[in-house]
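The values are calculated or read from the model by the stated rules, or taken from the named source; none is laboratory data. This one's a predicted model, so the numbers in the text were calculated from it and none came from an experiment. Cβ sites come from the backbone with ideal geometry, for glycine too, and all protein chains shown count toward neighbours. Only protein heavy atoms, including side chains, enter the accessible area calculation; ligands, DNA and RNA are left aside. Shrake-Rupley method; radii C 1.70, N 1.55, O 1.52, S 1.80 Å.
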Amino acid sequence: MTDGIEFGPAALDAGPGGELVAAMRAEMAALYGGLDLDGPEMPRAGVAELGPPGGTFLVGMRDGEPVCCGGVKRLDERACEIKRMYVAPQARGQGVARRLLGALEGAARELGYAIARLDTGPDQPHARALYESAGYVEIENFNGNPVATYFAEKPL
């Protein structure tokens, strides 16, 4: 039941985007023993990275409620990284993550990128399964994320 989701640019530090990112941060901290996504060893993915001109941050709304979010971060002129993907618990198991990934890939193409990269950790097997089923191919660690164990890319 993914019909009715509308994606649009949003702030990741306020409003619906900020609420979803806060929930994602809490979930990642619980999954990975207090992980701080803004820690000095972590790849940057804040307002500067997920905003214009090289990036964007999207929120998916269904029936007026925010159900998912994610961002695009510039790596270089050809490649970007998909960051901060999150689906609210009440919207899981309904194809929302796949729709969100497609929207982020579309935004990346609009920004002129030819390759999308992403990563995920060992305690997120559903994310890895989604990425593999969407055509992402495993590559070497491209971003130095000390928590991730799966790094992948896909031509856009």
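Assorted remarks:
- Spin-label proximity, Arg44 to the stretch 83-120 - amide N less than 17 Å from point 7 Å beyond Cα toward beta carbon: 83-84
- Summing charges over all other residues whose Cβ lies under 13 Å from the Cβ of Ala29, with Lys and Arg as +1 and Asp and Glu as -1, gives -3.
- The slack in the chain from Arg109 to Ala22, taken as 0.36 nm per residue of separation less the alpha-carbon distance, amounts to 28.6 nm.
- Rounded to 0.05, the FRET efficiency of the Asp76 and Ala30 pair, given R0 = 30 Å and the Cβ-Cβ distance, is 0.35.
- Sorted peptide list for 129-138, 74-83, criterion being average Cβ within 10 angstrom, highest first: 74-83, 129-138
- For the chain, adding -39500 (n - 2.57) for each run of n ≥ 4 DSSP H residues and dividing by the number of residues yields -8500 deg cm²/dmol at 222 nm.
- Only protein atoms count toward the accessible area here, which uses a 1.4 Å probe; on the stretch 1-68, the carbon and sulfur part of that area reaches 58 percent.
- Site pair Ile139 and Ala14 shows an inter-label distance of 3.4 nm when each label is modelled 7 Å from Cα along Cα→Cβ.
- Sequence of Val21, Val147 from largest to smallest accessible area, 1.4 Å probe: Val147, Val21
- Test item: Cα-centred dipole of the chain, Lys/Arg +1 and Asp/Glu -1 on Cβ, debye: 220 debye
- Under the span-like rule (Cα at least 15 Å along the axis, Kyte-Doolittle mean at least 0.5), DSSP H helices of the chain: 15-31
- Remark: the chain carries 48 Å² of accessible area per residue (probe radius 1.4 Å; ligands, DNA and RNA excluded).
- Each Lys and Arg Cβ is given +1 and each Asp and Glu Cβ -1; about its Cα centre, the stretch 84-156 then shows a dipole of about 300 debye.
- Lys/Arg +1, Asp/Glu -1 at C-beta; the chain dipole; positive extreme among Ala30, Tyr86, Ala103: Ala103
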